[in-house]
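Right, one structure below, let's go through it.
The values are calculated or read from the model by the stated rules, or taken from the named source; none is laboratory data. Everything quoted here is computed from the prediction, not taken from an experiment. A quick note on method: Cβ atoms are made from the backbone with ideal geometry, for glycine too, and the neighbour counts reach across all protein chains shown. These area figures cover heavy atoms from the full protein model, side chains too; ligands, DNA and RNA do not enter into them. Shrake-Rupley method; radii C 1.70, N 1.55, O 1.52, S 1.80 Å.
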Amino acid sequence: MKIARILLTPLLALCLCSCATVGLAVIGAVGGAGLSAGVDHTLNGIVYKTFAAPLNNVRFALLRTFDRMDMPLTADERSDDGWKVSATATDRTIDVELQKLTDTTTRMRVVANEGQIFFKDASTATAIVMQTAQTLDSDLKQPPERSRTRAAGELLSSRSE
């Protein structure tokens with residue numbers, strides 16, 4: 001019985017080689033699928049995420065993320081349906097497309113090219129998406145500067161009365 005298991009495992013692996021989608025689904029289900037929840041990956045290293053936030057909010061969060069990650073901008077221009085933003089990192093060019101789906105929904109597409117056109121860095125692209133989501137989330141939780149100043153003024157005036 002032990003010999004049958006040893007022989008069937010490589011045979012099963014060979015059968016699944018031609019079906020990359022099944023193989024990747026199994027790997028994703030087994031190893032750390034929750035680490036990048038809500039982030040879609042394609043087989044060619046392109047990463048997607050849809051945010052429930054307006055286009056400008058996502059763009060500003062992305063720009064702050066690039067700044068925090070020390071990735072200098074090379075382009076930031078309006079496109080037909082959103083924005084195209086590019087940055088650089090060591091031997092990589094990062095291309096981000098922000099697409100306005102509705103007034104409150106934005107789709108982000110990130111491609112991190114590593115050297116030549118065929119080599120994509122999906123882990124860097126995923127990190128940019130996750131860091132942008134974190135920046136956007138912290139922006140939503142933090143009240144605007146004006147509100148904090150007004151609240152502090154109200155607190156001081158109530159103490160003086």
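Descriptive notes on the structure:
- Taken as a whole, the condition of being in a helix (DSSP H, G or I), surrounded by fewer than 17 Cβ atoms within 10 Å (Cβ to Cβ) and either modelled with pLDDT of 60 or more or in contact with a Pro (Cβ under 8 Å, 6 or more places away or on another chain) (or both) applies to ARG64.
- Residue among ARG107, ARG159, ARG146, ARG78 that alone is basic (Lys, Arg), open to solvent by 50 Å² or more (accessible area, probe 1.4 Å), over 20 Å from VAL47 (Cα atoms) and modelled with pLDDT of 90 or more: ARG78
- Residues that are within 14 Å of the chain's Cα centre (by Cα) and not hydrophobic (A, V, I, L, M, F, W, C), drawn from the range 62-85: ARG64, THR65
- Taking the range 91-104 as the range and being open to solvent by 40 Å² or more (accessible area, probe 1.4 Å) and farther than 15 Å from ALA127 by Cα as the test, the residues that pass are ASP91, GLU97, GLN99, LYS100, LEU101, THR102, ASP103, THR104.
- Scanning the range 81-90 for residues that are open to solvent by less than 40 Å² (accessible area, probe 1.4 Å) and farther than 18 Å from SER123 by Cα yields GLY82, TRP83, VAL85.
- Condition met for ALA122 (open to solvent by 20 Å² or more (accessible area, probe 1.4 Å) and free of Cβ contacts under 8 Å to residues at least 40 places away in the same chain): no
- Selection status of ARG59, modelled with pLDDT of 90 or more, among the basic types (Lys, Arg) and either more than 20 Å from the chain's Cα centre (by Cα) or surrounded by fewer than 12 Cβ atoms within 10 Å (Cβ to Cβ) (or both): no
Residues checked against (1) within 23 Å of ASN56 (Cα to Cα); (2) among the small types (Gly, Ala, Ser):
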residue: ASP81; (1), (2): yes, no
residue: VAL85; (1), (2): yes, no
residue: GLN99; (1), (2): yes, no
residue: THR102; (1), (2): yes, no
residue: VAL111; (1), (2): yes, no
residue: GLY115; (1), (2): no, yes
residue: PHE119; (1), (2): no, no
residue: THR124; (1), (2): yes, no
